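K.L.:
Here it is, the structure, as structure tokens.
Read the figures in this text as sums done on the coordinates, not as results from a lab. What you are looking at is a predicted structure, and each value in this text was computed from that prediction instead of being measured. So basically every Cβ, Gly included, is an ideal-geometry build from the backbone, and we count neighbours across all protein chains shown.
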Amino acid sequence: MAENETAKKVIIAVDDMAISLTSVRTILQREYDVRLAKSASLALEMLKVIKPSLILIDIEMPEISGLEFAGLIKKNEEYRHIPVIFITSHANAQFIDKALDLEADGYIVKPFAPEALLKRVKSVLGEE
């Protein structure tokens, strides 16, 4: 079967650092339709028109943190089914516990190996 852009699962990556967004897109774009958002508020707007299979989000961001964003998603009946994986430089138990309390589907610490990100994404999407 030929690769068809519309057949790819959509992933929204949210991070205020352009280098992080570019890295995630580079790793995943061969297999997924990766949409980028430089803020959680932009990602919330994107959700009104895009139905992603997965959201990848940083924790530390201005305005709305990744943890606040995940809380909003999980409280919203329309979006709560969308898996969320945190990609963050925070490796301490306090942040991991908060993410788990928010029913996070994954927690990846920066810097990460590209294979680790791809493997976790595939696992969460039931492709492994």
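K.L.:
Within segment 79-105, list the residues whose amide N lies under 20 Å from a label point set 7 Å along Cα→Cβ of SER123.
P.N.:
Answer for this model: 82-105.
K.L.:
Considering Cα pairs under 8 angstrom that are at least six residues apart, work out the relative contact order of the chain and quote it in whole percent. Display every interim value, and only then the final one.
P.N.:
Numbers: 182 pairs, mean separation 26.9, N = 128.
It comes to 21 percent, rounded to a whole number.
K.L.:
In whole angstrom, how far apart do the alpha carbon centroids of segment 1-65 and segment 81-108 sit?
P.N.:
16
K.L.:
Could you go through segment 109-125 in sequence order and give the Karplus-derived ³J(HN,Hα) for each residue, using 6.51 cos²θ - 1.76 cosθ + 1.60 with θ = phi - 60°, rounded to whole Hz, and x for Gly and Pro?
P.N.:
3J(HN,Hα) across segment 109-125, in whole Hz: 9, 7, x, 10, 7, x, 4, 5, 5, 4, 4, 5, 4, 4, 4, 5, 7.
K.L.:
Using a Cα-Cα cut-off of under 16 Å, which lysines could be cross-linked to LYS75, ignoring same-chain neighbours fewer than 8 residues away?
P.N.:
LYS48, LYS98
K.L.:
If amide H atoms are built 1.01 Å from N in the plane of the peptide, which residues on other chains or at least 5 residues away come under 5 Å of the amide H of VAL34?
P.N.:
Distant-sequence amide H within range of VAL34: ILE11.
K.L.:
Can you tell which of ILE64, ALA113, ILE87 lies farthest toward the positive end of the dipole of the chain, using +1 and -1 charges on the Cβ of basic and acidic side chains (Lys, Arg; Asp, Glu)?
P.N.:
Among ILE64, ALA113, ILE87, the one farthest towards the positive end of the dipole of the chain is ALA113.
K.L.:
If you compute Rg and Dmax of the Cα atoms in Å for the structure shown, which of (i) 13.6, 45; (ii) 15.4, 48; (iii) 16.0, 58 do you land on?
P.N.:
Structure-derived value, by its label: (i).
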